[in-house]
Amino acid sequence: MNEAWIGPVVAHLGRGLLVTLWISLLSVVVATVVGIAVGSLATSPKPALRAVVRGYVTLFRGIPSLLILLCVFFALPQIGLATGPLTASVIGLGLWGSANIAEAARGALFSISPHQGEAARALGMSARATLRDVLLPQAARRFLPPYIGQLTVLIHASALTSVVGVSDILGSARQMIERLAYMGPDSHAILIYGMVLAVFFAICYPLTLLADYAERRLRV
Amino acid sequence: MTSTASDPIVSVRKLHKSFDKLEVLKGIDLDVRRGEVVVVLGPSGSGKSTMLRCINFLETFQSGTITVDGRPVGYEAGDHRRPLGEARNAKVREHVGMVFQSYNLFPHRTVIENVMMGPVKVKKVARALAREKGMALLAKVGMDHKADAYPGQLSGGQQQRVAIARSLAMEPSVMLFDEVTSALDPELVGEVLKVMRGLAQEGMTMIVVTHEMGFARQVADRVVFMDGGVIVEEGAPGDIMAAPKTERFGNFLSRNLDQ
Ligand SMILES: Nc1ncnc2c1ncn2[C@@H]1O[C@H](COP(=O)(O)OP(=O)(O)OP(=O)(O)O)[C@@H](O)[C@H]1O
Ligand SMILES: [Mg+2]
């Protein structure tokens, strides 16, 4: 049996993996920044602002991530914003992920009873100290488990970007399989997809463990 | 500032407080002298909690004045009634301890860390000293054996005793208690009341909102009966609880007789 195909395939998948990691990282950053900002706005005393936040979260959580990717990729050039597939993917995944992260941040902040803030202020603590030493530590604990969970979801979703032409690890795998199928009798599809699967598992499983750990630590 | 035993620690004058259109306090006058224990009785919705919350400015108020230890609460003294600002409100709150019905301990901190929080974060006391003083306070409320436990691991009565220690750690001029035994199982009420009784005996100035008639009768220097946002009747418990002057207080007492 000829094993010569393996070398080039692994090299190509490796390049794809770098793209996957890069897209995941960028969209996680976008989703985290936008998500926490939007989620915090939900605590605003202004009802109009809260309604906007609610609308944003409901809208993006209600649409499949693939659809958002396609919309961003094809719609942005229509309004004069030429974007490459990578930028479009980061924007699309980032917006989509930010809605779930906003919801997690909002939930964490609202889960802290207002009595906690009152108890701190009754001790004479300043507004800043109340936020820093009483409210945020408690909110962070509740935010962390769903947040880490969302990270794995975002990394999974990065596999969709091959649809808009990104050569991520899944896109690279498909390119190699098509090439092998053209050249010889066996495309090795099962083995190659198996490698992709193993890579995603190796990235996301530790995150799942981390989320579980954070979840358990939460119950003090 | 020199003070004598007759100086009021808390002085409330013509206090009016509304939530939107609903007027909840309709002109409250109350002086509490150093070392005095004032028990506030009254039906639900009469404004007892709101009055306490005004005293440490957890609530704003529309008119009237409050002073604690001679310091104005919430607004500049004088005719201008400018808000004091958050920093000065915090300063006043250092001198007013408050214990809540729902304990409100910080669940992410251990018992001793809860007690140290005020001294360390507000008064910038060194941690070692704050811990030492905190342990002494925990011993006083019978909770030193749980210093390293988290609040979630304690019974309601235990949590409430820690909450009292947490307030005492700031060495307040006056302690406010808002129905601190109402959320407790009946068998846990006694241990908290015992701590409060001890504080009263040591001469702590206290304003206590409670439905515990026995505590009012035995511990209060003065009982204040509120209804509909006004003080209807006040006096020594031996006098007014035995012979209420108003029908409203009489009815209230007979409704709560079983306690
Ligand atoms: N934040 C608020 N917003 C609007 N109304 C309020 C608020 N807090 C209290 N009230 C109203 O003010 C009135 C007095 O409430 P308060 O809590 O002071 O009564 P209370 O005497 O402490 O009663 P209870 O014995 O039930 O604790 C009630 O009618 C209550 O509904
Ligand atoms: Mg009340």
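The values are calculated or read from the model by the stated rules, or taken from the named source; none is laboratory data. Given the structure is predicted, the values throughout are model-derived calculations rather than measurements. Cβ placement follows ideal geometry from the backbone for every residue including glycine, while neighbour counts extend to all protein chains displayed. When the accessible area is computed, the model is the full protein with side chains, heavy atoms only, and any ligands, DNA or RNA have been set aside. Shrake-Rupley method; radii C 1.70, N 1.55, O 1.52, S 1.80 Å.
Can you give me the number of residues within segment A:129-185 that are hydrophobic (A, V, I, L, M, F, W, C) and within 14 Å of chain B (Cβ to nearest Cβ)?
Filtering segment A:129-185 down to residues hydrophobic (A, V, I, L, M, F, W, C) leaves A:129, A:131, A:134-136, A:139-140, A:143-144, A:148, A:151, A:153-155, A:157, A:159-160, A:163-164, A:166, A:169-170, A:173, A:176-177, A:180-181, A:183.
Then drop every residue that is not within 14 Å of chain B (Cβ to nearest Cβ), which leaves A:129, A:131, A:134-136, A:139-140, A:143-144.
Number satisfying all stated conditions: 9.
Can you find, within segment B:180-223, the residue that is nearest to ligand 2 (Cβ to nearest atom) among those that are within 14 Å of chain A (Cβ to nearest Cβ) and modelled with pLDDT of 95 or more? Explain how you work it out, then say what you get.
If we filter segment B:180-223 for residues that are within 14 Å of chain A (Cβ to nearest Cβ), which is where we start, we get B:180, B:183, B:207.
Applying the additional criterion that residues be modelled with pLDDT of 95 or more yields B:180, B:207.
Values: B:Val180: 11, B:Ile207: 13 Å.
It comes out as B:Val180.
Considering B:Val224, B:Val209, which residue is within 16 Å of ligand 1 (Cβ to nearest atom), within 20 Å of B:His95 (Cα to Cα), out of contact with any Cys (no Cβ under 9 Å at 6 or more places or on another chain) and open to solvent by less than 50 Å² (accessible area, probe 1.4 Å)? Please lay out each step first, then the result.
Values: B:Val224 fails: within 20 Å of B:His95 (Cα to Cα).
One residue alone meets the criteria, B:Val209.
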Checklist outcome for this item: Those residues of segment B:206-228 which are among the hydrophobic types (A, V, I, L, M, F, W, C) and part of a strand (DSSP E or B) amount to B:Met206, B:Ile207, B:Val208, B:Val209, B:Val223, B:Val224, B:Phe225, B:Met226
Checklist entry - Which numbered condition trips up A:Ile190, out of (1) surrounded by fewer than 12 Cβ atoms within 10 Å (Cβ to Cβ); (2) within 14 Å of chain B (Cβ to nearest Cβ)? => result (2)
Checklist outcome for this item: Only unsatisfied item for B:Ala169, checking (1) away from ligand 1 (no atom under 15 Å from the Cβ); (2) in contact (Cβ under 8 Å) with a residue 40 or more places away in the chain; (3) in contact with a Ser or Thr (Cβ under 8 Å, 6 or more places away or on another chain), is (3)
Checklist outcome for this item: When B:Gly203 is run through (1) more than 21 Å from B:Asp31 (Cα to Cα); (2) in contact (Cβ under 8 Å) with a residue 24 or more places away in the chain; (3) more than 16 Å from ligand 1 (Cβ to nearest atom), the failure sits at (1)
Checklist outcome for this item: Among the residues of segment B:229-249, the number that are part of a helix (DSSP H, G or I) and either under 29 Å from B:Gly64 (Cα atoms) or aliphatic (A, V, I, L, M) (or both) is 5
Checklist entry - Here are B:Phe61, B:Phe19: which of them is among the aromatic types (Phe, Trp, Tyr), within 18 Å of B:Ile231 (Cβ to Cβ) and away from chain A (no Cβ under 14 Å)? => result B:Phe61
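Which one of B:Val39, B:Val10, B:Val32, B:Val68 is open to solvent by less than 20 Å² (accessible area, probe 1.4 Å), modelled with pLDDT of 95 or more, within 26 Å of B:Arg161 (Cα to Cα) and within 16 Å of ligand 1 (Cβ to nearest atom)?
On the way: B:Val10 fails: within 16 Å of ligand 1 (Cβ to nearest atom); B:Val32 fails: within 16 Å of ligand 1 (Cβ to nearest atom); B:Val68 fails: within 16 Å of ligand 1 (Cβ to nearest atom).
That would be B:Val39, the only listed residue that is open to solvent by less than 20 Å² (accessible area, probe 1.4 Å), modelled with pLDDT of 95 or more, within 26 Å of B:Arg161 (Cα to Cα) and within 16 Å of ligand 1 (Cβ to nearest atom).
Tell me whether segment B:167-179 contains one or more residues that are out of contact with any His (no Cβ under 9 Å at 6 or more places or on another chain) and of a type in the set (Val, Ile, Thr).
Taking segment B:167-179 first, the residues out of contact with any His (no Cβ under 9 Å at 6 or more places or on another chain) are B:167-169, B:175-178.
Still in the list and also of a type in the set (Val, Ile, Thr): none.
Checked segment B:167-179: no residue is out of contact with any His (no Cβ under 9 Å at 6 or more places or on another chain) and of a type in the set (Val, Ile, Thr).
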Next on the checklist: I'd like to know if segment B:252-259 contains one or more residues that are closer than 30 Å to B:Glu23 by Cα, open to solvent by 40 Å² or more (accessible area, probe 1.4 Å), over 20 Å from the mean Cα position of the chain (by Cα) and away from ligand 1 (no atom under 16 Å from the Cβ).
Outcome noted: yes
Item to check | Odd one out for B:Gln101 among (1) within 16 Å of ligand 2 (Cβ to nearest atom); (2) of a type in the set (S, T, N, Q); (3) over 16 Å from the mean Cα position of the chain (by Cα) | outcome: (3)
Next on the checklist: Considering only residues that are within 14 Å of chain A (Cβ to nearest Cβ), open to solvent by less than 60 Å² (accessible area, probe 1.4 Å), farther than 30 Å from B:Met241 by Cβ and of a type outside the set (Lys, Arg), which ones fall in segment B:71-96?
Outcome noted: B:Gly74, B:Leu84, B:Gly85, B:Asn89, B:Ala90, B:Val92, B:Glu94, B:His95
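Here is a list: B:Leu176, B:Leu137. Which entry is in a helix (DSSP H, G or I), in contact (Cβ under 8 Å) with a residue 12 or more places away in the chain and either touching a Pro at 6+ places or on another chain (Cβ under 8 Å) or open to solvent by less than 70 Å² (accessible area, probe 1.4 Å) (or both)? Break it down stepwise before answering.
Working: B:Leu176 fails: in a helix (DSSP H, G or I).
Unique residue meeting the criteria: B:Leu137.
Identify all residues within segment B:27-46 that are without any contact (Cβ under 8 Å) to a residue 40 or more places away in the chain and within 15 Å of ligand 2 (Cβ to nearest atom); write none if there are none.
Within segment B:27-46, B:Ser44, B:Gly45 meet the criteria.
Please specify each residue of segment B:140-156 satisfying the condition of being without any contact (Cβ under 8 Å) to a residue 40 or more places away in the chain and surrounded by 18 or more Cβ atoms within 10 Å (Cβ to Cβ).
Within segment B:140-156, B:Met143, B:Lys146, B:Ala147 meet the criteria.
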Checklist entry - So which of A:Leu76, A:Leu49, A:Leu81, A:Leu86 ends up being in contact (Cβ under 8 Å) with a residue 40 or more places away in the chain and more than 14 Å from every other protein chain (Cβ to nearest Cβ)? => result A:Leu86
Checklist outcome for this item: Restricted to segment B:104-129 and to residues being within 9 Å of another protein chain (Cβ to nearest Cβ), within 24 Å of B:Leu188 (Cβ to Cβ) and open to solvent by 30 Å² or more (accessible area, probe 1.4 Å), the residue farthest from ligand 2 (Cβ to nearest atom) is B:Arg109
